[in-house]
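The values are calculated or read from the model by the stated rules, or taken from the named source; none is laboratory data. What you see is a predicted model, and the numbers here were worked out from it, not measured in a lab. So basically every Cβ, Gly included, is an ideal-geometry build from the backbone, and we count neighbours across all protein chains shown.
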Amino acid sequence: MADETETGTPAPNKMPPAHAPAGQEARPVPPAEPHPSRWGRVDAEGNVYVRTADGGERTVGVWQAGSPEEGLLHYARRFDDLRTEVELLETRLSSGAGDPKHALTTATQLRDGLAEAAVVGDLAALAARLDQIVVHAESALASARAEREEARSAAIARKQALAEEAERIAAESTQWKAAGDRLRTILDEWKTIKGVDRKTDDDLWKRFSKAREAFNRRRGSHFAELDKQRAAAKSRKEELIAEAEQLVDSDEWGATAGRYKELMAEWKAAGRAPKETDDALWQRFRTAQDKFFARRSAVFSERDAEFAGNAARKEELLTEAEKIDPAANLDAAKAQLRRIQEQW
């Protein structure tokens, strides 16, 4: 039994320290309802007391609605409600289902309110349990902060790498289509990267955006110059076509064929005209050449046929000349030879 005071009321039970030793689990919090008198008392005037960790006691309320036992049980049940709330808070935090920040705030408020809580129960054990929840919540918050910082660092590093790649493309790449496609892919990935602080994200975005703009300007300048070159090539090829078409009816076969060869070399040196006209220009140029060389071939074929006929006739004349016999009739031989020479 507990000792009695001079007034005859039970002396307060000695309570264990509120804080569990470092590195150890806080002891379980016993329910108060089965033995409420273990944790408090009701005096003759109905004042309800709870025993404190320092061995003293404090008033938690006044009970006039029934017997002292009923009053003590009422405040014990209120303690058990508080105990259940703490257990739920601890369970949610331990399982990972609870928000560590909310758990820390709630546990701190409950712990700070124990000194004035209108309950009867093992306040020291409940305070130790709340201390442990606070430590657990602070640790979880620190881990979450570390994870966020790690994720933030990884996100920053990835965006830095993408910005650097975009800058290299802007400065060096001449594979215009592939580079443009890659920049679009980088942009799509960029949008998926979260967790970077506003200032850093803005700075990295400015680098990436500047690189894209520089690439687009350089690509635009390239194609503008290419269009200019192709327009010049078109103009030059039209000049070559005009000359080629003028030479179609020439009968100076050797000189004209040589000039067509030169025109072909100049055509190749002129470069490509715009795609939609280059093939048509080539067909005009080729048609002019084909007409000239077709004419030349026809003339040369006719000439070759004539030469072939002449050669055959001369072979016949030679054969006839070989048959002349001056010894048989000199005058007749001379006359026959003159006739052959005339025909030759």
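Descriptive notes on the structure:
- Residue within region 256-264 that is over 30 Å from Leu226 (Cα atoms), surrounded by 10 or more Cβ atoms within 10 Å (Cβ to Cβ), aromatic (Phe, Trp, Tyr) and out of contact with any Gly (no Cβ under 8 Å at 6 or more places or on another chain) present: no
- Among the residues listed as Arg218, Arg272, the single one being basic (Lys, Arg), under 37 Å from the mean Cα position of the chain (by Cα) and part of a loop (DSSP other than H, G, I, E, B): Arg272
- On inspection, Glu25 qualifies as under 60 Å from the mean Cα position of the chain (by Cα) and modelled with pLDDT under 90.
- Among the residues making up region 147-192, those that are within 16 Å of Phe215 (Cβ to Cβ) and polar (S, T, N, Q) are Ser173, Thr174, Gln175, Thr185.
- Selected residue (criterion: surrounded by the most Cβ atoms within 10 Å (Cβ to Cβ)) from residues of region 190-204 that are assigned to a helix (DSSP H, G or I) and in contact (Cβ under 8 Å) with a residue 40 or more places away in the chain: Leu204
- Check on Glu245, touching a residue at least 24 places away in the same chain (Cβ under 8 Å) and among the acidic types (Asp, Glu): yes
- Within the span defined as region 82-94, every residue fails to be part of a loop (DSSP other than H, G, I, E, B) and over 38 Å from the mean Cα position of the chain (by Cα).
- All conditions but one from (1) part of a helix (DSSP H, G or I); (2) under 27 Å from Leu73 (Cα atoms); (3) of a type outside the set (Phe, Trp, Tyr) apply to Thr105; the one that does not is (2).
- The one condition from (1) without any contact (Cβ under 8 Å) to a residue 40 or more places away in the chain; (2) over 30 Å from Ser139 (Cβ atoms); (3) acidic (Asp, Glu) that Glu33 does not meet is (1).
- Look at (1) among the acidic types (Asp, Glu); (2) surrounded by 11 or more Cβ atoms within 10 Å (Cβ to Cβ); (3) assigned to a loop (DSSP other than H, G, I, E, B) and you find that Glu245 fails only one, number (3).
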